[in-house]
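A short write-up of the structure that comes next.
The values are calculated or read from the model by the stated rules, or taken from the named source; none is laboratory data. Keep in mind that this is a model prediction, so the values were computed, not measured. Here the Cβ is made from the backbone with ideal geometry for all residues, glycine too, and neighbour counts use every protein chain on show. When the accessible area is computed, the model is the full protein with side chains, heavy atoms only, and any ligands, DNA or RNA have been set aside. Shrake-Rupley method; radii C 1.70, N 1.55, O 1.52, S 1.80 Å.
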Amino acid sequence: MSDAATPLPRAAEPLLRVEGLKMHFPIYKGVLRRRAGAVKAVDDITFSVAEGETLGLVGESGCGKSTAGRAILRLYEPTAGAIVLEGRDIAHLEGDALRTLRPKMQMIFQDPQASLNPRMTVGSIIAEPLDEHTRQSRAARRARVTELMDAVGLNRTFVNRYPHEFSGGQRQRIGIARALALNPKFIVCDEPIAALDVSIQAQVVNLLEDLQQQLGLTYLFISHDLSMVRHLATRVAVMYLGKLVEIAARETLYDRPAHPYTQALISAVPSPNPEIEAKRRRIVLKGDVPSPSNPPPGCAFSTRCPRVFDRCRIETPPLYDLGGGHRAACFLAEPAARAA
Amino acid sequence: MSDASVGAPQIDAPQRSLWSDVWVAFRRHRGAMLGVVIFTAIVLCVVFGPMVYGTDPQFIDVRARNAPPSLVHPMGTDNIGRDIFAQVLQGGRVSMLVGVVAMLISLVIGTLIGVLAGYFRRLDGPLMRMTDLFLALPLLPLLLVAIMLFRDTLRVLFGPEAGIFLLIVFLIGITSWMQTARIVRGDVLALKEREFVLAAKSIGTPSRRIILRHILPNVLSPIMVSATIGVAGAIITESALSFLGLGFPPDFPTWGRLLYDGKDFMTLTPARVLWPGLAISLTVLSINFVGDGLRDALDPRIRGR
């Protein structure tokens, strides 16, 4: 495939490299609580995020996007794999070694209501990371809190209010301010806009973009909103049933999706242009997502794929490199098959 | 960082602390203030009452046995002519002290075990089985055995009254924390999955500070409720022990003891059960009000309404 997509600026070492990350949650059954299997929430995913870019991570509910994000931030203990942040594998760090790394990576949560302690004032919520990682005077800390509130567009007089006194969009700004408090390099945005009104979504997304420009942030933007990801991300990764099925630069992925699942996802995005919308052909997938505790043999998508053939049900397709950083896990994308 | 920055103007209001807010809201809570007034009044009465009201609770006025309330004996006398008012005042000291101290002990144990079991999955099994074990123990026989075993040692060490007080308070405390532990554990289990706890983890807050900062303030309501119930329970348990002859010495009045002594004379002198009973009820009620007010004041969503 000739690579028409803009070549990505590649640093020698990306900010974050995830290699073969697995996050399995054990299932215990019976009287003796024997281990009966595992929910393979994230099963062997590999990708990297370069400094300053936004990697969109999309997929339907339950495909393991949030788990992947949390495992990368080491909120979970990954089952296997490596998470290399700035050249250092953090996948199995413990205790203080992990704690001192926390300021570099932060998270913005999906539900701004649930992610703020209802019994703390906005000031103390935003100051919590500062309390934990810096030894500042009270005045310096307060100045920093005000600065952060200004940066995310919150009125600084709100410092003494409680989360329930705010609207959803404002609460999300509080969460963003907290995430920014320690000048992180890498932020996992776990569906930060999914719980917000459409009008507020735009504000928050614009805020995230502005902050990225000003502070040189790197985002892992987890979302199921494909149009928002198209707006925000520089590269997009698609997950299905705990596996990475396709990853490519934004234009490549939206214009020439290689994996049938990606094609189906993109065909479901409505277009605001009525002429294009009238011609849009939806690929409707049938059936349900298989259980991640009992995935089908072969390709995980083989049970629902409209272009499935025999090989898919036996062999698991690897991520084929299609050039220009475009990779897809489908036999149809196999270079040999394409040549034939 | 961004536009607004170095040398930011002073924020108009200083950072409010949780406790100053709670105090302001508590002051505004009418029921709570009523509870505080009643409770303080009872405390003042039992602390200073015996000094002001000169009658000795042990003084036997033989000519005025089973006397109805009069000016000399405001609450009447018992069957051997002791002044009931003096006994209620004197008995309140021990009863209130037992109630409050035993409640504090059981609260501390119950909260500690509940939080540890709820927060640390590894401790959950052992701690909760221990709670079940304590719940399954027949309480009264256990107390009786413990008192039989340790009474004399403690009496020698601390004197007859202080010794039995320590023993009773300790025993009631360590046999009444189970409900609190279970309720707290349940709440902690739900709370620790909330995203703000996850956010604290992603910040790198260590477990002990997550518990202190995020978990404990959010489980205060059930703790408050079990505290108020605990005071009443401790007063009643103490009276049951006294009734069985294993609490304080028989001539040492407590509210529970007065109740039990008076119950046989209920038809003759109803005042004998009425006044100690009223004292217990008022104490428990006022503590309930205070607990209610505290719970409301500690919840920012209710505060200020």
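About the Cα centre of the protein assembly as shown, what is the dipole size in debye to 20, counting +1 per Lys and Arg Cβ and -1 per Asp and Glu Cβ, all else neutral?
460
Compute the distance in nm between two label points, each set 7 Å from the Cα along the Cα-to-Cβ direction, one at A:S293 and one at B:L142.
Computed distance between label sites A:S293 and B:L142 equals 3.7 nm.
What residues of segment B:187-205 lose no less than 50 Å² of accessible area with every protein chain in place versus their chain by itself (probe 1.4 Å, heavy atoms only)?
B:E195, B:F196, B:L198, B:S202, B:I203
Leaving out ligands and nucleic acids, and using a 1.4 Å probe, what accessible area per residue does segment A:198-285 come to in Å²?
44
Quick one: which residues, 5 or more positions from A:T121 or on another chain, have an amide H under 5 Å from its amide H? H modelled 1.01 Å from N in the peptide plane, none for Pro or chain starts.
The answer is none.
Counting only DSSP beta bridges with both residues in chain A, tell me the antiparallel percent, nearest 5. If you can, show how the numbers build up before the last one.
Values: 29 of 47 bridges.
The answer is about 60 percent antiparallel.
Check each residue of segment A:43-92 and keep those whose accessible area, probe 1.4 Å, is at least 30 Å² smaller with all protein chains in place than in the chain alone; give them in order of residue number.
A:R70, A:L75
At a threshold of 8 angstrom on Cα-Cα distance, excluding pairs fewer than six apart, so keeping six or more, what relative contact order does segment B:140-293 reach in percent?
21
Put a dot 7 Å past each Cα toward the Cβ at A:S227 and B:D56; how far apart are the dots in nm?
It is 9.2 nm.
Amide H neighbours of A:L15 under 5 Å, at least 5 residues apart or on other chains, H built in the peptide plane: list them.
The answer is A:V49, A:A50, A:E51.
Please identify the GluC sites (Glu not before Pro) of segment A:86-166 that satisfy two criteria: DSSP loop assignment and at most 16 other Cβ atoms within 10 Å. Which are they? All intermediate terms of the calculation are to be shown ahead of the outcome.
Values: sites: A:E86, A:E94, A:E132, A:E147, A:E165; in loops: A:E86, A:E94.
Here the sparse-neighbourhood loop sites are A:E86, A:E94.
Roughly speaking, what is the stretch gain from A:Y76 to A:A194, that is 0.36 nm per residue apart minus the C-alpha to C-alpha distance, in nm to one decimal? The partial results should precede the final answer.
Numbers: separation 118, 0.36 × 118 = 42.48 nm, distance 2.25 nm.
Residue separation times 0.36 nm, minus the Cα-Cα distance, leaves 40.2 nm.
Under 8 Å for C-alpha pairs, at least 6 residues apart: give me the relative contact order for segment A:185-295, rounded to a whole percent.
Relative contact order, segment A:185-295: 19 percent.
Count the DSSP beta bridges whose two residues both fall in the protein assembly as shown, then state the antiparallel fraction as a percent rounded to the nearest 5.
Working: 30 of 48 bridges.
Expressed as a percentage, antiparallel bridges in the protein assembly as shown total about 60.
Residue by residue through segment B:251-264, what is 3J(HN,Hα) from phi via Karplus (6.51 cos²θ - 1.76 cosθ + 1.60, θ = phi - 60°)? Round to whole Hz and write x for glycine and proline.
These are the phi-based 3J(HN,Hα) values: 8, 9, x, 10, 4, x, 4, 4, 4, 5, 5, x, 5, 6 Hz.
Of A:A50, A:G69, A:L85, which is farthest along the charge dipole of chain A in the positive direction, counting Lys and Arg as +1 and Asp and Glu as -1 at C-beta?
A:G69
Quote the charge dipole size of segment A:144-219 about the Cα centre in Debye, to the nearest 20; the model charges only the Cβ of Lys and Arg (+1) and of Asp and Glu (-1).
For this selection, approximately 280 debye.
Restricting to segment A:116-261, what percent of DSSP beta bridges are antiparallel, rounded to 5?
Numbers: 6 of 11 bridges.
So the antiparallel bridges amount to about 55 percent of the total.
Under a point spin-label approximation (7 Å from Cα along Cα-to-Cβ), what is the A:E94-A:R256 distance to one decimal in nm?
For the pair A:E94/A:R256, the computed spacing is 4.9 nm.
How do A:K29, A:K104, A:K65 stack up against each other in accessible area, from largest to smallest, with a 1.4 angstrom probe?
The ranking, largest first, comes out as A:K29, A:K104, A:K65.
Hey, what did chain B get for relative contact order, percent, Cα under 8 Å, at least 6 apart? Please report the intermediate quantities before stating the final value.
On the way: 404 pairs, mean separation 83.2, N = 305.
That works out to 27 percent.
Using 0.36 nm times the number of residues separating B:L112 and B:L278, minus their current alpha carbon distance, what extension gain do you get?
56.4 nm
In whole Å, what is the distance between the alpha-carbon centres of segment B:61-82 and segment B:125-143?
44
As a check on your grasp of the helix formula, calculate [θ] at 222 nm for chain B: sum -39500 (n - 2.57) over DSSP H runs of n ≥ 4, divide by the residue count, round to the nearest 500. Don't jump to the answer; show the numbers that get you there.
Numbers: 12 runs with 208 residues, N = 305.
Rounded to the nearest 500, it is -23000 deg cm²/dmol.
Helix A:198-215 sits at what angle to the longest principal axis of chain A, using alpha carbons and giving 0 to 90 degrees rounded to 10?
Value to nearest ten degrees: 80.
Which value, in debye to the nearest 20, describes the size of the charge dipole of chain B about its Cα centre when Lys and Arg Cβ atoms bear +1, Asp and Glu Cβ atoms bear -1, and nothing else is charged?
That gives chain B a dipole magnitude of about 720 debye.
With everything on Cα atoms, drop me the angle between helix A:168-180 and the longest principal axis of chain A, reported from 0 to 90° to the nearest 10.
80
Rolling a 1.4 Å sphere over the protein heavy atoms, what is the accessible area per residue of chain B, to the nearest Å²? The partial results should precede the final answer.
Values: 15240 Å² over 305 residues.
Here the per-residue accessible area is 50 Å².
Going toward the positive end of the dipole of the protein assembly as shown, with +1 on Lys and Arg Cβ and -1 on Asp and Glu Cβ, which of B:M266, B:L244, A:T252 do you reach last?
Checking the options against the dipole of the protein assembly as shown, the answer is B:L244.
Taking the Cα centre of the protein assembly as shown as the origin and placing charges on Cβ (Lys, Arg +1; Asp, Glu -1), which of A:M228, B:G163, A:I266 is farthest toward the positive end of the dipole?
Of the listed residues, the answer is A:I266.
Would you mind checking A:K65/A:K104; A:K286/B:K192; A:K40/A:K185; A:K243/A:K279; A:K29/A:K286 for any pair whose Cα atoms are more than 27 angstrom apart?
Long pairs (Cα-Cα over 27 Å): A:K286/B:K192; A:K40/A:K185; A:K243/A:K279; A:K29/A:K286.
With the full set of protein chains in place, find how many percent of the accessible area of segment A:83-137 is carbon and sulfur; take the probe as 1.4 Å. Spell out each step's value before the answer.
On the way: 920 of 2030 Å².
Its accessible area is 46 percent carbon and sulfur atoms.
Would you mind telling me which residue in A:P118, A:P306, A:P274 has the biggest mean-square fluctuation in a Gaussian network model of chain A, where springs connect alpha carbons within a distance under 10 angstrom?
A:P274
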